[in-house]
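A short worksheet on the structure shown next.
The values are calculated or read from the model by the stated rules, or taken from the named source; none is laboratory data. Only a predicted model underlies this, so the values are computations on that prediction, with no experimental measurement involved. Because the Cβ atoms are built from the backbone with ideal geometry, glycine has one as well, and the counts that use them run over all protein chains shown.
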Amino acid sequence: MKQAIYGLVLYVFLMLPPVANLAESVMTIHMHMQMPLFVIAGMLMTPYLKQRFPTFFAKWNRNGVPGIILFMIIIMYWMLPRTMDEALTIYAIEIFKFISLPFLAGVPLRDSWIKLGKMGKNIIFVTLSLLCGFMGILYIFSPEQLCNNYLIVEQITLGWAFLFLALSIIIYFIQQFFVDKTEYE
Amino acid sequence: MIKNKHNAVAIIVVLLFGVALFYVGTDGFQAYTAESARTAKLIDEKPSFPEVTLEDSQERMYPFSEFEGKYVMLTFIYTSCTDVCLQLEVNLAEVYDQIPEKYIGEDIVFLSVSFDPTRDTPEVLDKYRSYFESDGETWRMARIPDQQELDSLLDDFGVIVIPDGEGNFVHNSAFYLADREGKLIDVMDYTKIDEAAQKVTSILDAEAGE
Amino acid sequence: MKMHRSEEIWLIISVTVLVLSMVVTGYQTFALGMGPPSNTETIDPQKVDETAPFDEPGVYKVGDNEYEVVMTLQIFSFTPGDIEIPAGAEVTFTMTSKDVVHGFQIAGTNVNAMVMPGHIQKITQTFDEPGEYLILCNEYCGAGHQAMATTITVK
Amino acid sequence: METTVLKESFIEKSNKKLGAKPEDARISLTYLSLAFILLLVGGTLGLIQGLNRAGLFELPAWLNYYQVLTAHGILLVVAFTTLFMTGYFYAGVSHTLGGLTSKARKFAWSALASLLVGTVMIMTTVVMGDASVMYTFYPPMQASPWFYIGLVFLALGIWLAGTGVFLNAASWKKANRGQKLPLFSFFAVGGYLLLILGSLGITAEVLMLIPWAFGWTETVNVMLSRTLFWAFGHTAVNVWYLVAVSAWYVAIPKIIGGKTFSDVLARVVVILSVILNVPGGFHHQIIDPAITQGVKFMHVFMSLSIALPSLLTAFAMFAIFERAGRKKGATGLLGWFKKLPWKDVRFLAPMIAMITFIPAGAGGIAQTNNQLNQTVHNSLWVVGHFHLTVGVTVALTFFGITYWLIPYLSKRVMTARLNKLGLIQTWLWAIGMLFMSGSMHWVGLLGSPRRTSFSTYGDNATALSWDPYLMFLGIGGTLLFIGVVLMVYIAFHLMFRAPKGHTEFPVAEEEKDAAPTPKWTERWGLWIVLAIAVISMGYVIPIVDMIVNAPPGSPGFRTW
């Protein structure tokens, strides 16, 4: 319950117009801080939602696969250069961002993650790091401006941020093979 | 078993949702960047050139209807730009050279519009014009002194101009082609010179052939 | 992690203080335009003397009681030095360094900026109080660092 | 659980009987003696500067103020602290993990060699007058290449020392499956991890500077170098602070007869420090050009978040004191305060260190905010600030550790006379710092700059008005110098002259009903990844901007 309140506070805070404007003024912060924070806000609210609608999650997301696919779809959608632009210029898209990231990505991610098996988690790690690596290369080496609302240098910056993100995921992915998981459970 | 069914249904629903989302979001898997979406939309909607007053490098003032009856090849620039605009104008000069001379001035006019009216005075434009060997007549460079008119034009044509706070602008670049009635009929990639020149020539040829 | 009640209260209070200080800083920076000097223009540090406006450093009147001081900093001096301006003037200092990193500070005011080779720094101050102000370099720049100072006289 | 307790008590008993293992004690004692020798040298240099700055002492022609200042900074902020940290952590790791592994010992000795080579190289260039560039060595001021190579050896020493501790902890974990790493060793692992993460920046910078200093490359990117430096500069100071904090959590509760407040909380403090610290360096660049206000604002946020673990610590410490006091029969709201062992220097020194951190930390938070920073940036205020944080909070805690660590290692005991001398030393230090740091803060607010030898700026009225305060600075500096001499005397006395006997390595126990520490605290892989993520969050935007939008580089200058 307390988690849900923190999540809600974070959610509302992120949507405050000055906060949202500031976060969206820098491309990297828009994609790598604001968007993940929305996902986290959703994750924090998940236990409360599961408590309110226990059957829904058990029934429709039994093995976690639908949830994780939904998560990936939403994440990939927001990685499109175009959606970033339109979130800034089209009001409806901005609203869709506010709703989709916490509730269609954050909530299913937390619900699915514990249900997924080792294999499923590994697939997600690999896909995410490949995706981030690809986005990084795309943004760094793209000769043209992909987003109308941001400078080219911001685009390159975002590319490097993606590469570091990919690197972080890969390091995490690899280290878990060397660590005895049972030590921590 | 019955429970698994729900799960399978959920997967299908989610996947369908994903396909739909991407279909809508990218105009049917066409436009992955806002720029491509914008050009597609412009070509689709063919907006008219709004009534604005231009002031060119020879300090002549006239409305856009001055060019009625002629095709107009347009670019949007600012002269303090150090990268894209230069390239854009160099490429435009090449297109200009590739168009058969008989059409130039008669059936088609070239026009570079500055969106930095404060700094791009007629003198500045005149100097800038000379870099590209534009004659100032069949290829004119002009500013729109009225900020409101300028904004409405940029808005109609979806030209995005962001000042970066240091006197520079970030903007999207393309060749725009308006028809004899002043309607926008095509937006072309400014890096593909030959393609643009061929396209314009073939339009003019087709009309001349009639 | 289980937290003690009092600890939680302590944390909430401290986080609130931190957030408040953020909000104040943000408000001052973005709403009141009191942000720190952060100009991003660049210059070739080896060609300062040939590059406008630093080819002619000096005090320029740019508007009604508005001045621009185009200044180069080099070991161990400010050019121009001993500046005079009328009271109430809004002065923008446009500065760059011809050699190492220098600091630009006017003692007794909030004017304080780093001036680096290759970068053009700008800072604006309105001088309401007449008097002589001490301008000094506050970043170690070499053997004569303690002598690198000049004045600005407000009349 | 049963066997765990047995094993622990067995280790404890054998430790008690035998004290420190001689091979391990030798390592730590060597590090500590070198640290105190450097403290003496650095302290003497500090006195010279203080007197000069007060206008009381003119340096002889062959000695340059800035040369002295560079040496003082590097010796005390980098060399003394690194050596003390390593001596102290290796002693504690040896004690809590039942002896060092032979591999860890090798790493400790090679780290020492590397640190010494580095320090000697740096000091030689400084003494020869080839590197009066301050410990921040901002390019395009160009020191002798050997100065930068010396820095590489320092960094290498840090990595070697850290690797030794990591390997030792790993082998202990393997031998003690399912047990949590003792809190002290947890601090050691966290401390070295943070120091290594921070030193990546300076290593990258120095590798850029060496070819430039040799003349192989013509120019250097000034902003980039500076930014990389602060990634290290600020982190290092926070590591020293974390070392001090380790003693507060581990040793002090035992000394005052209390128990650990919360094992989990202590570990969370370490983890947060590791994750959040590195981007803090940016608040040293608030008034720099070439970083936009948006980015600077983001870093205000990142810097302030570093205060969080410190605030947790503050709470925990007072909770420990209160509980220990109440156990001894204290009543009322503040009765526990009187029950604390004020006459025990092992408590007094770190206690004053902690109390000092309240204004020091508050000053730090203030400086992090844009406008306040602009008021005090590069003024003597900043010098006052880090003499409170490093000079009192860290140094005085280190001194407090010395009173039990050295006799534990040398198998001697501290006498009542030494305790008294220690109390005098501690008060002297506190009062000296009050004078010095207080006047530095005040005169800094008035605009007096840092890193400047005595100057009246041509008898400028404003500058002359600073002189009385600078006099206090000189007085404080003198008191501190006496404190340094006393401390070095005490340290070596404890090492070689104090009566033989057994001194305990104080490690606080947990409360009997304490909740078990969750296992996730030891997921180092996760913490490293999070730290990398936070570092990239902080640095990717400005650094890409600094490289892509860089002006033509700067050639080197020798301006001293």
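Points worth noting:
- Unique residue being free of Cβ contacts under 8 Å to residues at least 60 places away in the same chain, closer than 16 Å to residue C:81 by Cα and aliphatic (A, V, I, L, M) when the list is C:148, C:116, C:95: C:95
- Search result, residues across the stretch D:54-72 that are more than 10 Å from every other protein chain (Cβ to nearest Cβ), under 29 Å from the mean Cα position of the chain (by Cα) and of a type outside the set (A, V, I, L, M): D:72
- The sole residue among A:66, A:102, A:36, A:108 that is assigned to a helix (DSSP H, G or I), surrounded by fewer than 22 Cβ atoms within 10 Å (Cβ to Cβ) and not hydrophobic (A, V, I, L, M, F, W, C) is A:36.
- For the condition buried (at least 24 other Cβ atoms within 10 Å of the Cβ) and of a type outside the set (Phe, Trp, Tyr), residue D:178 does not qualify.
- One residue stands out in the stretch D:290-335 among those that are assigned to a loop (DSSP other than H, G, I, E, B) and over 22 Å from residue C:23 (Cβ atoms): the one that is nearest to the other protein chains (Cβ to nearest Cβ), namely D:290.
- Residue within the stretch D:467-478 that is more than 30 Å from residue D:447 (Cα to Cα) and charged (D, E, K, R) present: no
- Selection within the stretch B:1-39 - among the small types (Gly, Ala, Ser) and more than 9 Å from every other protein chain (Cβ to nearest Cβ): B:20, B:28
- Residues that are without any contact (Cβ under 8 Å) to a residue 60 or more places away in the chain, more than 7 Å from chain D (Cβ to nearest Cβ) and farther than 28 Å from residue D:454 by Cβ are absent from the stretch C:72-83.
- Residues in the stretch C:18-33 that are facing chain D (nearest Cβ under 8 Å) and exposed (fewer than 15 other Cβ atoms within 10 Å of the Cβ): C:24 alone.
- Residue count, the stretch C:73-120 (criterion: in contact with an Asp or Glu (Cβ under 8 Å, 6 or more places away or on another chain) and of a type in the set (S, T, N, Q)): 3
- Scanning the stretch D:70-87 for residues that are in contact with a Leu (Cβ under 6 Å, 6 or more places away or on another chain), crowded, with 24+ Cβ neighbours inside 10 Å and not small (Gly, Ala, Ser) yields a count of 3.
- Of all the criteria given as (1) outside any helix (DSSP H, G or I); (2) farther than 23 Å from residue A:45 by Cβ, the one not satisfied by residue A:167 is (1).
- Unique residue being surrounded by 14 or more Cβ atoms within 10 Å (Cβ to Cβ), part of a helix (DSSP H, G or I) and of a type in the set (A, V, I, L, M, F, W, C) when the list is B:54, B:16, B:42: B:42
- Test for residue A:28: is it of a type in the set (Val, Ile, Thr), touching a residue at least 12 places away in the same chain (Cβ under 8 Å) and more than 27 Å from residue A:85 (Cβ to Cβ): no
- Condition check for residue C:44: charged (D, E, K, R), more than 14 Å from chain D (Cβ to nearest Cβ), surrounded by 12 or more Cβ atoms within 10 Å (Cβ to Cβ) and under 28 Å from residue D:553 (Cβ atoms): no
- Residue in the stretch C:6-14 that is under 28 Å from residue D:547 (Cα atoms), more than 7 Å from chain D (Cβ to nearest Cβ) and at pLDDT 85 or above present: no
- Residue in the stretch D:326-343 that is at pLDDT below 85, surrounded by fewer than 22 Cβ atoms within 10 Å (Cβ to Cβ) and touching a Ser or Thr at 6+ places or on another chain (Cβ under 7 Å) present: no
- Condition met for residue D:415 (closer than 25 Å to residue D:348 by Cα, β-branched (Val, Ile, Thr) and either surrounded by 24 or more Cβ atoms within 10 Å (Cβ to Cβ) or in contact with an Asp or Glu (Cβ under 8 Å, 6 or more places away or on another chain) (or both)): no
- Restricted to the stretch B:120-210, the set of strands (runs of 3 or more DSSP E) holding at least 3 residues that are at pLDDT below 85, surrounded by 14 or more Cβ atoms within 10 Å (Cβ to Cβ) and of a type outside the set (Val, Ile, Thr) comprises B:184-188.
- Residue D:511 being farther than 30 Å from residue D:32 by Cβ and among the charged types (D, E, K, R): yes
- Listing of helices (runs of 4 or more DSSP H) fully contained in the stretch D:448-560 that carry 1 or more residues being of a type in the set (Asp, Glu) and within 14 Å of chain C (Cβ to nearest Cβ): D:467-496, D:524-548
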